[in-house]
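The values are calculated or read from the model by the stated rules, or taken from the named source; none is laboratory data. Keep in mind that what you see is a predicted model, and the values were worked out from it rather than measured. Methodologically, a virtual Cβ is constructed for each residue, glycine included, from the backbone with ideal geometry; neighbour enumeration extends over all protein chains shown. Remember, those area values only see protein heavy atoms, side chains included, never the ligands or the DNA or RNA. Shrake-Rupley method; radii C 1.70, N 1.55, O 1.52, S 1.80 Å.
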Amino acid sequence: MKMNVVILAGGKMSPDDPLYEESQGGSRCLIDVAGKPMVQWVIEALDDSNAVDELFVIGLPSQPGLQAQKPLHFLPDQDSLFENIHYGVLKATEDHPANTKAIIASGDIPAIRPEMIDWLAEQVGQDPSMSLYYNVITKAIMETRYPNANRSFVKLKDIAVCGGDLNVADRSLFDSEMPIWHKLAEARKSPLKQVRLLGFGNLLLVAMRLVTLQGAVKRVCKKLGIRGTALMCPYAEMAMDADKPHQLEILRKDLAEGV
C-alpha cells in the first residue's frame, strides 16, 4: 500500500529546551547528526521506501537544502502540532481521492530505515478500515536496542510501552472539529497526561495496572469516537527521537557507525 507522508518539522526551540544550544534557536529537525540535518535522514529513509509516493515537510521556514528523489513539498507552519498534522494530512491526501491515508513522521527520528516504513504500510494494507494506526514499542525492545536512552513508558496490566513517532492517519479524522485532539497532540510527550485527558477512570485503571493494551485501545477509541488500532512495532528506531543531549549523542554515534 502506497501513501504520501507528512514530516512534522515545525516549531522553534525555546532557550530552556535541552537542545537549544545545538539548534542555535532554530528547528530541532535541522540539528546536525553525523553530517546531515536530522530531518534529512528521515527524508532519505522515506525516499527509499517502496510504500511512499510524495513527501510533505511541514513547519520549516524555507527549503534548507533538503533533498529527495521523490516529489518533496514544503508546507508552512500552522503554529501548533495538531494544526500541522491536520493541515499536512489534508494536503497530502487532497489529490488522491482513492487513498485517504497518510503516514505521519516526526522529523527527529533519524534512525528509521526504509524497511520499517514498508512494514508499517503492510500493516495498514492488511486492514485499511481504521482511521488511526498508532505504533507502540515495548520496553524490552526499546531498552535492548537503546539501553541508555531513558524513554518514558506507560505500564499496563500486560505490558509496558512507549509511543512511536511514525504513524498513519486517515483524513476522516479531521472531518469534524474535536477540541480534545489539540490537547492530546500537545501532550504527546506525556503519556500519563494523555490518559488524564481521556478520563479519570482510564487514568485509574492505568495507574493500578488493571487494563491491558488492547483494553486501553478500546477505551481510547470509544472516548474519541474513532476506529483505531495499536500496532506492536518491532522497531525501537520508530520511537528513538532526540529530546535530550544524551539521546542526540546516541543517535549520532549509531548513524556515524552505520548501525
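Whenever a residue of segment 116-144 is closer than 14 Å to Thr229 by Cβ, its partners that are of a type in the set (Gly, Ala, Ser) and open to solvent by less than 10 Å² (accessible area, probe 1.4 Å), lying with C-beta atoms within less than 6 angstrom and at least six residues away or across chains, give the pairs Leu132/Ala169; Asn135/Gly164. If the condition is being among the hydrophobic types (A, V, I, L, M, F, W, C), over 17 Å from the mean Cα position of the chain (by Cα) and either in a helix (DSSP H, G or I) or at positive phi (or both), then segment 134-158 contributes Ala140, Ile141. Considered as a group, the residues in segment 229-257 that are part of a loop (DSSP other than H, G, I, E, B) and among the acidic types (Asp, Glu) include one that is nearest to the chain's Cα centre (by Cα), and that residue is Asp241. For segment 16-35, taking the residues that are farther than 22 Å from Gly258 by Cβ, open to solvent by less than 20 Å² (accessible area, probe 1.4 Å) and touching a residue at least 24 places away in the same chain (Cβ under 8 Å), the one that is farthest from the chain's Cα centre (by Cα) is identified as Leu19.
Matching residues to (1) open to solvent by less than 40 Å² (accessible area, probe 1.4 Å); (2) assigned to a strand (DSSP E or B); (3) at positive phi:
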position: Val5; (1), (2), (3): yes, yes, no
position: Glu44; (1), (2), (3): no, no, no
position: Asp53; (1), (2), (3): no, yes, no
position: Gly65; (1), (2), (3): no, no, yes
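Taking each residue of segment 232-259 that is under 16 Å from Leu19 (Cβ atoms) and looking for partners that are among the acidic types (Asp, Glu) and open to solvent by 10 Å² or more (accessible area, probe 1.4 Å) with beta-carbon atoms closer than 6 Å, six or more apart or interchain, yields Asp241/Asp165. The residue of segment 111-127 that is surrounded by the most Cβ atoms within 10 Å (Cβ to Cβ), among those that are out of contact with any Asp or Glu (no Cβ under 9 Å at 6 or more places or on another chain) and either assigned to a loop (DSSP other than H, G, I, E, B) or among the polar types (S, T, N, Q) (or both), is Gln123.
Candidates in segment 77-89 are the residues that are open to solvent by 20 Å² or more (accessible area, probe 1.4 Å) and in contact with a Leu (Cβ under 9 Å, 6 or more places away or on another chain); of these, the one that is modelled with the lowest pLDDT is Leu81.
All told, Val39 falls short of being in contact with a helix residue (DSSP H, G or I) (Cβ under 8 Å, 6 or more places away or on another chain), in a strand (DSSP E or B) and of a type in the set (Val, Ile, Thr).
Rundown of residues vs (1) in contact (Cβ under 8 Å) with a residue 40 or more places away in the chain; (2) under 27 Å from Ala236 (Cβ atoms); (3) not hydroxyl-bearing (Ser, Thr, Tyr), yes/no style:
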position: Asn4; (1), (2), (3): yes, yes, yes
position: Ser14; (1), (2), (3): no, no, no
position: Pro37; (1), (2), (3): no, yes, yes
position: Val42; (1), (2), (3): yes, yes, yes
position: Ala68; (1), (2), (3): no, yes, yes
position: Val89; (1), (2), (3): yes, yes, yes
position: Asp95; (1), (2), (3): no, no, yes
position: Ser106; (1), (2), (3): yes, yes, no
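What about Arg151, is it in contact (Cβ under 8 Å) with a residue 24 or more places away in the chain and open to solvent by 60 Å² or more (accessible area, probe 1.4 Å)? In short, no.
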